[in-house]
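The values are calculated or read from the model by the stated rules, or taken from the named source; none is laboratory data. Remember, it's a predicted structure, so these values are computed and weren't measured experimentally. Cβ placement follows ideal geometry from the backbone for every residue including glycine, while neighbour counts extend to all protein chains displayed. Just the protein is used for accessible areas: all its heavy atoms, side chains included, with ligands, DNA and RNA removed. Shrake-Rupley method; radii C 1.70, N 1.55, O 1.52, S 1.80 Å.
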Amino acid sequence: MRKQLYDNFVQRVELDRQSGCWNWTGRRDEKGYGRISHNGGWVNAHRWAYEFFVAPISPGYHVDHLCHNTSCQNPLHLDAVTPAENRRRQTERNRQLRKMSKV
């Protein structure tokens, strides 16, 4: 069963050798996040990947894309964090982007 889940997942990712991202090529939601069928429903692919390759996600936690690529499913680019930490990181990223755009 685990091999079948893995095979289903890897058929829908494409490796970006430059960034190391595992870009999702399958179904996406309206925000661009990958979706994968699991246990009779649809789940976010990055959350599925984190739980499959790393560990269960604590209730209420978000999975942050450290690479800032919402298409990425590479578990090394994902981090389970509290909603507050996820917002803090997003705010910091936006601040950095604004600084870079002024250069």
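Picking from residues in the stretch 5-24 that are part of a strand (DSSP E or B) and either among the aliphatic types (A, V, I, L, M) or over 11 Å from Ser71 (Cβ atoms) (or both), the one that is most open to solvent (accessible area, probe 1.4 Å) is Leu15.
Pairing residues of the stretch 45-58 that are without any contact (Cβ under 8 Å) to a residue 24 or more places away in the chain and assigned to a helix (DSSP H, G or I) with residues that are of a type in the set (D, E, K, R) and open to solvent by less than 30 Å² (accessible area, probe 1.4 Å), at Cβ distances under 6 Å and at least 6 apart in sequence or on separate chains, gives no pairs at all.
Just for the stretch 72-103: of the residues that are among the aliphatic types (A, V, I, L, M) and farther than 25 Å from Gly26 by Cβ, which one is least open to solvent (accessible area, probe 1.4 Å)? Residue satisfying both the conditions and the ranking: Ala84.
Selection of the stretch 1-58 for residues being of a type in the set (A, V, I, L, M), in contact with a Lys or Arg (Cβ under 9 Å, 6 or more places away or on another chain) and over 12 Å from Cys72 (Cβ atoms) yields Ile36, Val43, Ile57.
Between Arg2, Arg27, Arg47, the distinction of being among the charged types (D, E, K, R), more than 15 Å from the chain's Cα centre (by Cα) and open to solvent by 60 Å² or more (accessible area, probe 1.4 Å) belongs to Arg2 only. Going residue by residue through the stretch 60-71, is there one that turns out to be in a strand (DSSP E or B), open to solvent by 40 Å² or more (accessible area, probe 1.4 Å) and modelled with pLDDT under 95? Scanning the stretch 60-71, I find no residue that is in a strand (DSSP E or B), open to solvent by 40 Å² or more (accessible area, probe 1.4 Å) and modelled with pLDDT under 95, so the answer is no.
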